[in-house]
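Here's the structure, in structure tokens; my notes come after.
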Amino acid sequence: MIKIIFLSLLILSETLMAQDIEFANNIYFKYQNYKEPTLTSRRFRQSDILPLIDRLREKNIFSVNKVGESSRKRPIFLISAGNGKTKIFLWSQMHGDESTATGAIFDIFNFLSRDDEFNGFRNDLLSKVTIYFMPMVNPDGAEVFQRRNDFEIDINRDAISLQSPESRVLKDTFDSLKADFGFNLHDQSILYSAGHTFKNAALSFLAPAENFEKTISETRSDAIKLIGKMNNILSSLIPGHIAKYKDDFEPRAFGDNFQKWGTSTILIESGGWKDDPEKQYIRKLNFVALVSAFNCISNQSYKSEPLETYDNIPFNEEDLMNLIIRNVSFKKNGFNYKADIGITRTEFNTNSCKDFYYKSSVEDIGDLSTFFGYEDFNFDGMEIQIGKTFPQKFNSVPEIEKLNFKKLYDEGYTNLLIDSSVFKEKFISLPINLKYKDDEIGDSNMKIGDVPNFIIKKNGQVRYIIINGFLIESENIPTKFKNGLLL
Ligand SMILES: [Zn+2]
């Protein structure tokens, strides 16, 4: 008898799991219907979302309330939908340059207010749960696309001191809601891998600890189970691309304290995806993960998920680089040797903050067989040289645009000299770097931290060029190339 009950429960839980995955697949394939079309990249300001928030006031399923202001007097909103007993609270972008989930929240607003085949789901959901959204907790940081707020304080280390107005708004809202579930939405480095693999961590989770002992209280256990469910659901879409953070207790962070204060809190970090610099695919995954989580909370299917599912999610590891070229030959001091070169790219804001440029650096040289590149090439049999600076000075960019880049590369040049009075930018949209003066000391060393500018030859012929860490084929030189630098 007990065996039969156990088996029926098992079958029931597997059926629920299959339904949850089917639901996630449905919204994944229909996502385009809900994607907010005015948000097209990661770089948007509060002025871009204010009209969208205004639009929500006209839809009767939402209640829109201004609950506070940033230090620069930008409003902070709490938007809710539903009238169910279980409360879910989501807040995004307390780090101003971590906007991926904010985009997904506006997609969710579109999903919740649409009239289509998901009406049954919506009605059921919103009768069982009430969902509270606080998108863009740090609008001043978002304005200049920086992590910290206008006081240069990291809001996520201000949960106890509460010195920032944004931190107080978040804490007061938390206190007034006493939500059952909390979603703390962030972005992480795109260079995390899911375990020691070549697979990038597209989404990473954490059920933050609530003390240094990492006790698994009932509150935290529910967060752990729900993450297990989200992991299973997402694994059907992006197998191997989900990771988790280490659960060291951070006494100053919001997530850790909210867990301690009784809300089952889940951290979601948006990572990277190949060829998706604006993280729009990761935004879609956020949409699926969050709506699926609402579904699992509302049908309570998370309750049957074993804690081991969470334990088995691999940790974030730092095994990825943007570009690795392997087995290239060097000549140095009469030695010939082979090594791999690992290159990473850092994003810098341009003056407009809506745009950015990359500056790359040589991250490592040697045996990089334990690392993986988003772009990863075996250049066995090829020789590498550091790019030289062409000795003649140019007086304008149009003059440079007319040059034969292939010829310059064949002669070993990756940099040109230009008059500082005619070029004021930090980067140039040409496949070559600019310099104000030739300060090279011979063709010298390749050093860790250098900007990677190389000529790569096979049998004496140039095959590849690396400009600011971006690889160019000599037979396919791009006309549009954003990544030339002022060195
Ligand atoms: Zn963050």
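The values are calculated or read from the model by the stated rules, or taken from the named source; none is laboratory data. Keep in mind it's a predicted model, so treat the numbers as computed, not measured. Cβ atoms come from the backbone with ideal geometry, glycine included; neighbour counts cover every protein chain shown. Each accessible area value is taken on the protein alone, full model and side chains, heavy atoms only, with ligands, DNA and RNA left out. Shrake-Rupley method; radii C 1.70, N 1.55, O 1.52, S 1.80 Å.
Overview of results
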| quantity | calculated |
| --- | --- |
| Evaluation of A289 against (1) part of a helix (DSSP H, G or I); (2) touching a Phe, Trp or Tyr at 6+ places or on another chain (Cβ under 7 Å); (3) under 14 Å from M230 (Cα atoms) (one fails), failing number | (2) |
| Subset tally (residues that are more than 23 Å from N349 (Cβ to Cβ) and either outside the structural domain of P277 (by TED's automatic domain parsing) or more than 16 Å from the ligand (Cβ to nearest atom) (or both)) for region 84-123 | 23 |
| Scope region 89-105; condition crowded, with 24+ Cβ neighbours inside 10 Å and touching a Gly at 6+ places or on another chain (Cβ under 7 Å); matching residues | F89, G96 |
| Selection within region 175-193 - within 23 Å of L203 (Cα to Cα) and away from the ligand (no atom under 16 Å from the Cβ) | D180, F181, S193 |
| Counted residues, region 465-487 - those being at pLDDT 90 or above, assigned to a strand (DSSP E or B) and touching a strand residue (DSSP E or B) at 6+ places or on another chain (Cβ under 8 Å) | 7 |
| Verdict on A243 being open to solvent by less than 30 Å² (accessible area, probe 1.4 Å), in contact with a Pro (Cβ under 8 Å, 6 or more places away or on another chain) and farther than 13 Å from N316 by Cβ | no |
| Among the residues listed as K437, K457, the single one being assigned to a loop (DSSP other than H, G, I, E, B), among the charged types (D, E, K, R) and open to solvent by 10 Å² or more (accessible area, probe 1.4 Å) | K437 |
| Exclusive hit being of a type in the set (G, A, S), in contact (Cβ under 8 Å) with a residue 40 or more places away in the chain and closer than 24 Å to S264 by Cβ, set S164, S127, S176 | S127 |
| Selection count where residues are surrounded by fewer than 18 Cβ atoms within 10 Å (Cβ to Cβ) and in contact with a helix residue (DSSP H, G or I) (Cβ under 6 Å, 6 or more places away or on another chain), scope region 37-55 | 1 |
| Any chance E375 is within 35 Å of the chain's Cα centre (by Cα), at pLDDT 90 or above and open to solvent by less than 80 Å² (accessible area, probe 1.4 Å) | yes |
| Region 107-137, residues that are farther than 15 Å from I27 by Cα and of a type in the set (F, W, Y) | Y132, F133 |
